[in-house]
1. Take the Cα atoms of region 19-107, build their convex hull, and give its volume per residue in Å³.
2. What FRET efficiency do you get for GLU28 and GLU64 if R0 is 30 Å and r is their Cβ-Cβ distance, rounded to the nearest 0.05?
Amino acid sequence: MGGIMNCEGELPVIVSISPEQLAAEALEIYAKVQILEAQCRKIINDCATERARSFNQVYGVLIETHKHLLHEQYDFLLASQHESADTSLRQWGLELDIPAKMWEHAIR
């Protein structure tokens, strides 16, 4: 049997999505991206302005926040470049330069 199987050995169910649903999902994901970027900046600024009591704890929080941010940015990139995305959504995803943001905020 060809195709990709899930854990139970069944073929995955493919659900179509309308361009409007996709745009709404992309907006929701991007709102999360903006919140996480702000959280990362705040954590970094807090560390720079006041000596944190426990650097290990602060860096642990920062790493987890960056990890979550990377996942959300990736989800946004996938949604904005999805085959069902209309031209304006695809263009928006490119204009935001998400790969560069992924590098700047979550990988580097």
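Values quoted throughout were computed directly from the atomic coordinates according to the rules given, and no laboratory measurement underlies them. Bear in mind the structure is a predicted one, so any value in this text is a computation, not a measurement. Cβ: placed from backbone, ideal geometry, glycine included. Neighbour counts: every protein chain shown.
1. Cα convex hull per residue, to the nearest whole number: 78 Å³.
2. After rounding to 0.05, the efficiency reads 0.90.
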